[in-house]
Amino acid sequence: MKLVLAVVDGMKPAMVRRAVETGHAPVMAKVMERGMFVEDCVAAFPSVTPVCATSIATGARQDVHRIPAMNWFWRDERRYVEYGSSMRAARRFGIGQQLTDLIYTMNGQHLAAGAPTIFEVLDDAGLRTAGTTYLTYRGRHEHWPSKATALSRVAATAFKRPVMGPAELFYADIFASRDTGCRSVLGKPGLRDQHAGCVGRYLLEHDLCDFLLLSLPDNDTHSHRFGPDSQVASIAAADRQIERVAQASGDVDAFLDEHALVVVADHSHALIERRIEFEAAFRDFHVLGPSAGAFDEAEIALCPSARSAQIYVLVPEGRDALLPRLVTESLALEGVQHVLYRQDGEGVLRGADGGELRFAPGGEARDDRGGQWSVEGDLTVLDARVEDGRLITPDHPDALGRCWAALACPTSGDLFLSAAPGFEFPDWGGVDHVGGGSHGSLHHSDSLGALLFSGITAPPRQAWGIQDVAPLCTSAFGIDWPG
Ligand SMILES: [Zn+2]
């Protein structure tokens, strides 16, 4: 038994269906025929790639894995972490810092030691693991950076250290556990899928792995630029790379006879029409700027992550006084649909129209994943209802479970903002995706991604989430997910 886990970034279920029906995704069509197509696989909140990719790799949400957002404030080091919202945002924090955080610190320090990755679980079971350029790569095997990497010019000292990864690790042109002849073009958007496909084909052709994480990020870039309705073309391109890998077995049918294949999106995409004037709304506060140094005078840190944002209160003793003011300002901000924070051991969700819902684990209301909640206040905040003890939140899938994971994550901010449909928070570089697609919110439009698999017998379940993917994959090898 061998397994390929293809992660297609931002793949929208309706677009997968359209691509399959119009003959543009022949491999995914075969997977649907032989296996299962889940059209409502729930992302994490914030529904952005660092959080969601890590959930796929660790089988857990951020309350366990601790990667809270695309941009966040690292309390231990008193500075922002920016994984790569845009090139302009990266420049404001320093390209060297951004790349070091993305490539080294995220896996080496931010990712919780107590959250095993799928690579570590399979490495420990003696299976041969492999991965192409994917945010979460931590495994049991040491890799030294390639001598020739162009990035060593950007951050000379950082890119000389080894990392722990899967047995076979290919990460842009920085790590390559062997010479495959495949060129990465420095992880250039639009050209990353072809590198993954080339490497994957080589690994399977030479029988070098039992498990391959094939990362296909170009669909996300395409959808940000041209909008979610344009995804048929980029899903077709992703399908061609999976096909290229499958052809290592001769043809796709032979491949699917011998391999389990899982294709999953980390989150979905929604159309963006307007930006939220996030930074301007907090003009009256001392906001920590992107360049380090002025920490002592700062009151708050602002952390936009596409269709979500966080605010960190930098003076712990000032939290009680600042929080109500921050909540009021946030709710008054055009395009904000929800504000979320923790108070007296409970989660508080406030809606733009004034309603308030308080919740905590362990009550009478049951969600679709079997979670039990005490719920008090205005259910219309989530357009929710309770029927026969069942909490139903169609517009905001698995809302309480996702919100609680965000609040319980020790690296999260004091306040979360979730954007209304059509809106986005610009990043620290001032970049938004108006006219294109984006994601990050609690809303179903960016939260429900596609999941397809064949060659695995899955337990029946009422609701699928991206944190179910790692256990699904290890079950194919007869291995129970730890914990
Ligand atoms: Zn994205």
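If you check Arg201, Arg192, which single one turns out to be among the basic types (Lys, Arg) and away from the ligand (no atom under 14 Å from the Cβ)?
Arg201
Sort out which residues of segment 440-459 are under 19 Å from Ala6 (Cβ atoms) and within 16 Å of the ligand (Cβ to nearest atom), and write them in order of number.
Answer for segment 440-459, where residues must be under 19 Å from Ala6 (Cβ atoms) and within 16 Å of the ligand (Cβ to nearest atom): Leu448, Gly449, Ala450.
Let's see how each residue does on (1) closer than 25 Å to Gly197 by Cα; (2) buried (at least 19 other Cβ atoms within 10 Å of the Cβ):
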{"position": "Ala25", "(1), (2)": "yes, yes"}
{"position": "Lys30", "(1), (2)": "yes, yes"}
{"position": "Ala69", "(1), (2)": "no, yes"}
{"position": "Arg75", "(1), (2)": "no, no"}
{"position": "Glu82", "(1), (2)": "no, yes"}
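Tell me which residues, restricted to segment 2-21, are under 30 Å from Leu127 (Cα atoms) and either within 16 Å of the ligand (Cβ to nearest atom) or part of a helix (DSSP H, G or I) (or both).
Answer for segment 2-21, where residues must be under 30 Å from Leu127 (Cα atoms) and either within 16 Å of the ligand (Cβ to nearest atom) or part of a helix (DSSP H, G or I) (or both): Val7, Val8, Asp9, Gly10, Met11.
Taking strands (runs of 3 or more DSSP E) that do not extend beyond segment 27-141, which have at least 2 residues that are charged (D, E, K, R) and more than 16 Å from the ligand (Cβ to nearest atom)?
36-42
Run Val264 past the list (1) away from the ligand (no atom under 16 Å from the Cβ); (2) assigned by TED's automatic domain parsing to the domain that holds Gly10; (3) not polar (S, T, N, Q) and report the number of the one that doesn't hold.
(1)
Can you find a residue that is among the aromatic types (Phe, Trp, Tyr), over 26 Å from Lys12 (Cβ atoms) and out of contact with any Cys (no Cβ under 7 Å at 6 or more places or on another chain) anywhere in segment 251-266?
No: zero hits.
Of (1) within 16 Å of the ligand (Cβ to nearest atom); (2) of a type outside the set (S, T, N, Q); (3) surrounded by 16 or more Cβ atoms within 10 Å (Cβ to Cβ); (4) not in a loop (DSSP other than H, G, I, E, B), Arg225 satisfies all except one. Which?
Failed condition: (3).
For the structure I just gave you, tell me whether Gly413 is outside the structural domain of Pro68 (by TED's automatic domain parsing), away from the ligand (no atom under 16 Å from the Cβ), modelled with pLDDT of 95 or more and within 19 Å of His224 (Cβ to Cβ).
Answer is no for this residue.
Can you confirm whether segment 313-326 contains a residue that is at pLDDT 95 or above, touching a Ser or Thr at 6+ places or on another chain (Cβ under 8 Å) and over 20 Å from Cys403 (Cβ atoms)?
So far as segment 313-326 goes, no, none of its residues is at pLDDT 95 or above, touching a Ser or Thr at 6+ places or on another chain (Cβ under 8 Å) and over 20 Å from Cys403 (Cβ atoms).
The values are calculated or read from the model by the stated rules, or taken from the named source; none is laboratory data. Predicted, not measured: the structure shown is a model, and the values here were computed from it. Here Cβ is always computed from backbone atoms with ideal geometry, including for glycine, and neighbour counts include all displayed protein chains.
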